[in-house]
Each structure stands twice: as structure tokens, then as C-alpha cells.
Amino acid sequence: MSISVRAAIVVLALLFAVPVSAQNRPADTIRPAQQQPTGDKRLLVAENMWLTEAEAKMFWPIYDAYQLELDRIYSRIARVIVEYVKAYMDNTLTDQQARALTAEVLDIDEAEAALAKTYAPKLDPILPGKKVARYLQLERKIRANLRYELADKIPLVK
């Protein structure tokens, strides 16, 4: 995911959402051990993949294509956040709207998993298995941190 899309999602959540802490969050809420990486995601991946020159030449075009598709998915997340937060702030969320937003979030989750399943086989011929696994781990950790940030800022449905 490009930094601009990730940043836009976080900014949307921060600008429009009421912090979950305002909902009397229990004191024992789990906090992530690691903060969301800041800066350039591509640099973060490069620093943690230890690619040879030959591997890098083949990896980065696949990485770029994957990120473009992830950006489309995260644009969907941004739309869901905007719609939910608006309804939350206006206290107008209906059961029908909540069901539609839930269905979209579940579809987004499936789209992310399907995308990873599509790209893993593209990496298999160019990288050793451990590097493919490492890259997919990096992607999941970055997304998990982003999701934690969003979950921490977006209030529960009332």
C-alpha cells in the first residue's frame, strides 16, 4: 500500500472518528508491541528482504503491481470509514446500512486474502521460499498495524 493511501485512511479515521477510549475502554486492552512503521513502505520492505541484485530486479515490478492492487482495496476501506463515521457522528446509522458496511468489510478481507494468494505464486519462481514467506509476513504485519490504528480510532457501532 502506498504511503499516501495509508496516510489518507489514518487521517480520515483521526479526523472523523471519536476515539474508542471515549467509550470507556477497559484498562487491560491489548496494545501492539510495535508502532505502525512510518516512512516509505518500499524502503521498509527493501531493508527487511535482503534481496540479491538478481532477485530485486524481478521482485520490484511484482511488488509494485501488488501495491497498486492493495491501494484499490484500501480505497474501499477509506470509503467504508467515511460512510460509517459520518453516520456515527450524525447518529443516523441504520441496521440496513450497518449490514451493508459489514458486508463490504468482509468482502475487503476476502479481497486481501485473494490478492495474496494471487501474488504468492508469482513470487515463487523468483525468490526462495523463505523470502516469499518473509515478504508475505512483512505485508501482514504492516496491515495488522494499520488495522490496529484504525480499530483504536474508530468507535464501536452504537
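Please treat every number below as a calculation from the coordinates, not as lab data. This one's a predicted model, so the numbers in the text were calculated from it and none came from an experiment. Positions of Cβ are generated from backbone atoms using ideal geometry, with glycine treated the same way; all protein chains shown enter the neighbour counts.
Some values worked out for this structure:
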{"read-out": "25 Å Cα-Cα threshold exceeded, pairs from LYS130/LYS153; LYS41/LYS130; LYS41/LYS153; LYS86/LYS158", "value": "LYS130/LYS153"}
{"read-out": "Principal axes of region 50-116: Cα extent on each, largest first, Å", "value": "55, 20, 16"}
{"read-out": "Loop-located trypsin sites (Lys or Arg not before Pro) in region 47-134, at most 15 other Cβ atoms within 10 Å (DSSP)", "value": "none"}
{"read-out": "Cα-based Rg and Dmax for region 78-134, where Dmax is the largest Cα-Cα distance (Å)", "value": "17.7, 52"}
{"read-out": "Shape of region 105-158, Cα gyration tensor, a/c cut at 1.5", "value": "oblate"}
{"read-out": "Simple spin-label estimate for GLU104 and ALA144 in nanometres, 7 Å along Cα-Cβ", "value": "2.7"}
{"read-out": "Largest-first principal axis extents of the Cα set of region 41-87 (Å)", "value": "50, 17, 9"}
